[in-house]
1. Considering only the range 86-124, how many residues are out of contact with any Gly (no Cβ under 9 Å at 6 or more places or on another chain) and either assigned to a helix (DSSP H, G or I) or in contact (Cβ under 8 Å) with a residue 40 or more places away in the chain (or both)?
2. Do the conditions hold for D78, that is, is it acidic (D, E), modelled with pLDDT of 90 or more and not assigned by TED's automatic domain parsing to the domain that holds L28?
3. Which numbered condition in (1) modelled with pLDDT of 90 or more; (2) outside any helix (DSSP H, G or I); (3) closer than 30 Å to L20 by Cβ; (4) more than 16 Å from the chain's Cα centre (by Cα) is the only one that A71 fails?
4. Restricted to the range 19-49, and to residues that are part of a helix (DSSP H, G or I) and among the hydrophobic types (A, V, I, L, M, F, W, C), which residue is surrounded by the fewest Cβ atoms within 10 Å (Cβ to Cβ)?
5. Assigned by TED's automatic domain parsing to the domain that holds V17, more than 18 Å from the chain's Cα centre (by Cα) and in contact (Cβ under 8 Å) with a residue 24 or more places away in the chain - does that describe any residue in the range 45-64?
Amino acid sequence: MPELDIGEVARRSGLAVSALRHYEHKGLIRAIGRRGMRRIFDAQVTERLALIALGRAAGFSLDEIGRMFSADGKPDIDRAQLAAKADELDRTIRRLGALRDGLRHAAACPAPSHMECPTFRRILRAAEAKPPAPAATRPPGAR
């Protein structure tokens, strides 16, 4: 089976070497050895990194993603967890769509001031009532 050093894995995945080290520290990937000072990975690590990237794009934390792999390293993804995340994304999409529509209205609103626009005032009240969800964070060194 072909082996890749950490630099090649970084190049193929688009991740910084520091992000790969972070993923290894979190137990998401595993080096199979070293060549000098450089970590060596099985070539299949790129597929695992693609699964991790998909999970991150969907909003899963690295810890949640880590639990999606069985002890032998194979994916073991809970379908109910995927459905729950899809529902969460639907709610986020609706919220962001309403925010987008309100901003478009406010940008074109003929009211003399945004504060005189009833639609803008509704957006403002909604923002007061519910703080925005925290943004997903990327691992250190990730691009």
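1. As a first pass, look at the range 86-124 and keep what is out of contact with any Gly (no Cβ under 9 Å at 6 or more places or on another chain): 86-87, 90-91, 93-118, 121, 124.
From the residues that got through so far, the ones that are either assigned to a helix (DSSP H, G or I) or in contact (Cβ under 8 Å) with a residue 40 or more places away in the chain (or both) too are 86-87, 90-91, 93-108, 114-116, 118, 121, 124.
Within the range 86-124, residues that are out of contact with any Gly (no Cβ under 9 Å at 6 or more places or on another chain) and either assigned to a helix (DSSP H, G or I) or in contact (Cβ under 8 Å) with a residue 40 or more places away in the chain (or both) number 26.
2. yes
3. That leaves (1) as the condition not met.
4. We begin by selecting, within the range 19-49, every residue part of a helix (DSSP H, G or I); these are 19-25, 45-49.
If we keep only those that are among the hydrophobic types (A, V, I, L, M, F, W, C) too, we end up with 19-20, 45, 49.
Working: A19: 20, L20: 25, V45: 25, L49: 22.
Applying the filter and picking the extreme gives A19.
5. Checking the range 45-64: at least one residue is assigned by TED's automatic domain parsing to the domain that holds V17, more than 18 Å from the chain's Cα centre (by Cα) and in contact (Cβ under 8 Å) with a residue 24 or more places away in the chain.
The values are calculated or read from the model by the stated rules, or taken from the named source; none is laboratory data. On a predicted model such as this, the values are computed, not experimentally measured, just so you know. Methodologically, a virtual Cβ is constructed for each residue, glycine included, from the backbone with ideal geometry; neighbour enumeration extends over all protein chains shown.
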